[in-house]
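Taking it in order: structure first as structure tokens, then the write-up.
Just so it is clear, none of the values below were taken in a lab; they were calculated from the coordinates. Remember, it's a predicted structure, so these values are computed and weren't measured experimentally. For neighbour counting, all protein chains shown are included, and Cβ atoms are generated from backbone atoms with ideal geometry for every residue, glycine included.
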Amino acid sequence: MDNIDKILEVKGIDIIFIGPYDLSQSLGLPGETTHPKVVAQMQEIVKKAKEKDILVGTFTDSPETMKFWMDAGVKYIAHSVDVGIFYEALAGLVEQFRIFL
């Protein structure tokens, strides 16, 4: 965050990516990606990037956080990780198959 203004001044940057887990760690709130301090810092980055016409991306791990950041103007969403997506799909199938047990 100390260098966000300098980063956004670099010529040729089209998009920046906010790592919410990295940011939460830097703020002393490891893993608390929805903590108000983390959210406020991310919102500040989004605001500053919009002022410079730079797109913003971030990582989300739930449909709710995906919608929140999309509504905030984030254009590039990396949702979950391959293992997490696979796990969620299989958990849904297991739940559907419970009717046969």
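Key figures
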read-out	value
Where labels lie 7 Å past Cα in the beta-carbon direction, separation of PHE86 and ILE99 in nm	2.8
FRET efficiency for ASP61 and LYS11, using Cβ-Cβ distance with R0 set to 25 Å, rounded to 0.05	0.15
Span per principal axis, largest first, for the Cα atoms of the range 4-100 (Å)	59, 28, 21
